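The values are calculated or read from the model by the stated rules, or taken from the named source; none is laboratory data. All of these numbers come straight from a predicted model, not from anything done at the bench. Positions of Cβ are backbone-derived with ideal geometry, glycine not excepted, and every protein chain shown enters the neighbour counts.
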Amino acid sequence: MKTIAERMKVLGALFASGLTVIFALLWATPASAQVFGKTFEEVLEKAKQESQLRVYWEVPAERGAGAQLEAAFKKRFGFVPRVELTPLTTPDSTTRFLTEVRLGRVDVDLLYAGADDMAPYPERVKLLEDIERPLTEIFGSRFPTVRQILRNVPAWKRPWSVDVTTRANGMVYNTKMTTAAELPKTIEEFAQGKGFADPKWRGKFAINTIGPATPLGDLAAQGYWDLEKQKRVLRLLLANKPLLKRSSGDTRVAVALGEVPAGLGNVAGTEGLKKEGHPIGLKLFEDVIVVGTMGLTIPKGAKNPNMALLYLAFILEDGLPIIERVNGEGTIYDPRSQLSGLLKAMPQARVLGWTPEELLARTRDKTRKALQELMP
């Protein structure tokens with residue numbers, strides 16, 4: 001027989017367990033109704049009171065984009081928040097955010113992170129606000145582009161992230177050294193020993209060695225090329241003595257400066273270099289285009305959630321054209337973007353991206369690691 005004290009102890013433990021379950025359920029429930037204002041006017045008023053925005057995002061620091069975003073925001077809303085910008089790139093921003101959360105801190109209101117690195121993982125998703133509902137319900141009727149972009153973003157990403165940058169893999173070329181017509185038309189040519197695997201391109205093209213993998217590292221997405229075919233093509237390219245650069249960004253700069261006539265990798269930012277006067281152009285493959293997207297999201301526990309929501313809606317409606325104009329980076333989900341237009345003009349090209357199932361199975365990571373091991 002248990003004593004009264006022992007029974008009370010058991011009851012107390014059960015009660016505590018019940019509270020734990022309740023709090024866990026509350027934590028897992030979307031908190032948008034609790035942290036965001038219910039109307040546009042309420043969000044705007046709360047944002048003015050919060051007045052600050054802590055941002056982990058690289059874009060406002062690039063080529064004066066921040067000043068133009070500030071001017072457009074003031075024109076739209078009549079005030080400017082105090083922005084505390086930490087210019088980071090993914091996966092650095094994601095890693096930093098997750099590390100700080102583990103330490104019990106949330107030092108960011110608006111986080112730049114790849115939806116692919118957040119949305120498939122339940123333990124990470126629970127750290128993010130459901131932003132689709134408030135964006136649609138509060139801003140949808142006022143800002144038509146917000147609703148359009150949300151409609152285009154895949155449903156498995158959409159509740160927690162809105163893509164604002166697409167990094168499409170293709171080719172860049174120096175317009176003083178070659179022409180688009182001289183470049184390969186398809187990536188399948190490489191597997192046939194043509195394209196950049198052709199001896200005429202020996203030593204005249206650049207590829208990146210890391211960040212996050214080789215230029216072929218995502219062609220296993222949706223089963224397009226198996227790993228052995230990717231390895232075979234990579235060996236053909238390496239045998240043709242490419243200029244090796246650390247990242248796709250370095251590859252673009254090398255081409256812009258005339259180190260080599262052409263390069264292979266993601267083409268985001270090419271238009272920004274062109275606007276600075278560099279002789280550089282881009283060309284997408286006609287058969288397949290691998291895309292990786294970057295998004296903005298709002299963490300739970302953000303100090304200034306209404307300011308973050310207002311700024312996110314502003315970026316989607318007014319900011320994306322500014323970012324594309326200044327940096328040359330757009331998103332395929334924005335119907336106004338140049339990249340969206342290029343893809344519409346190439347309906348035969350298959351657009352590849354990793355599925356949540358492939359990401360959870362670490363198929364992407366395993367493929368990239370296997371290819372990375374072949375690099376010099």
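Check region 26-36 and report whether any residue there is at pLDDT below 75, part of a helix (DSSP H, G or I) and more than 21 Å from Val162 (Cα to Cα). So that I can check it myself, show each step before the final result.
First, pick out the residues of region 26-36 that are at pLDDT below 75: 26-34.
Now restrict to residues that are part of a helix (DSSP H, G or I): 26-28, 32-34.
Then keep just the ones that are more than 21 Å from Val162 (Cα to Cα); that gives 26-27.
Yes, region 26-36 contains at least one residue that is at pLDDT below 75, part of a helix (DSSP H, G or I) and more than 21 Å from Val162 (Cα to Cα).
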Of residues in region 34-78 being out of contact with any strand residue (DSSP E or B) (no Cβ under 9 Å at 6 or more places or on another chain) and on the phi > 0 side of the Ramachandran plot, the one surrounded by the fewest Cβ atoms within 10 Å (Cβ to Cβ): Gly78
Leu11 vs. criteria at pLDDT below 70 and in a helix (DSSP H, G or I): yes
Residues of region 220-233 classified as out of contact with any Lys or Arg (no Cβ under 8 Å at 6 or more places or on another chain) and surrounded by 20 or more Cβ atoms within 10 Å (Cβ to Cβ), total: 3
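Condition test on Arg76, is it assigned to a loop (DSSP other than H, G, I, E, B), outside the structural domain of Pro356 (by TED's automatic domain parsing), closer than 25 Å to Ile322 by Cα and more than 18 Å from the chain's Cα centre (by Cα)? Break it down stepwise before answering.
On the way: assigned to a loop (DSSP other than H, G, I, E, B): no; outside the structural domain of Pro356 (by TED's automatic domain parsing): yes; closer than 25 Å to Ile322 by Cα: yes; more than 18 Å from the chain's Cα centre (by Cα): yes.
When the stated conditions are applied, Arg76 does not pass them.
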Matching residues, region 277-314, being farther than 30 Å from Leu103 by Cα, surrounded by fewer than 23 Cβ atoms within 10 Å (Cβ to Cβ) and either in the same structural domain as Glu42 (by TED's automatic domain parsing) or touching a residue at least 12 places away in the same chain (Cβ under 8 Å) (or both): His278, Pro279, Gly281, Lys283, Leu284, Glu286, Asp287, Val288, Val291, Phe314
Search result, residues across region 120-174 that are within 17 Å of the chain's Cα centre (by Cα), under 18 Å from Gly319 (Cβ atoms) and in a loop (DSSP other than H, G, I, E, B): Ile131, Val153, Ser161
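Mind listing whichever residues of region 267-308 are in a helix (DSSP H, G or I) and at pLDDT 95 or above? If you could, list the steps in order and put the result at the bottom.
From region 267-308, those in a helix (DSSP H, G or I) are 270-275, 305-308; that's our starting set.
Correct list: Pro305, Asn306, Met307, Ala308.
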Residue match in region 40-56 (condition: within 30 Å of Glu358 (Cβ to Cβ), among the charged types (D, E, K, R) and in the same structural domain as Asn304 (by TED's automatic domain parsing)): no
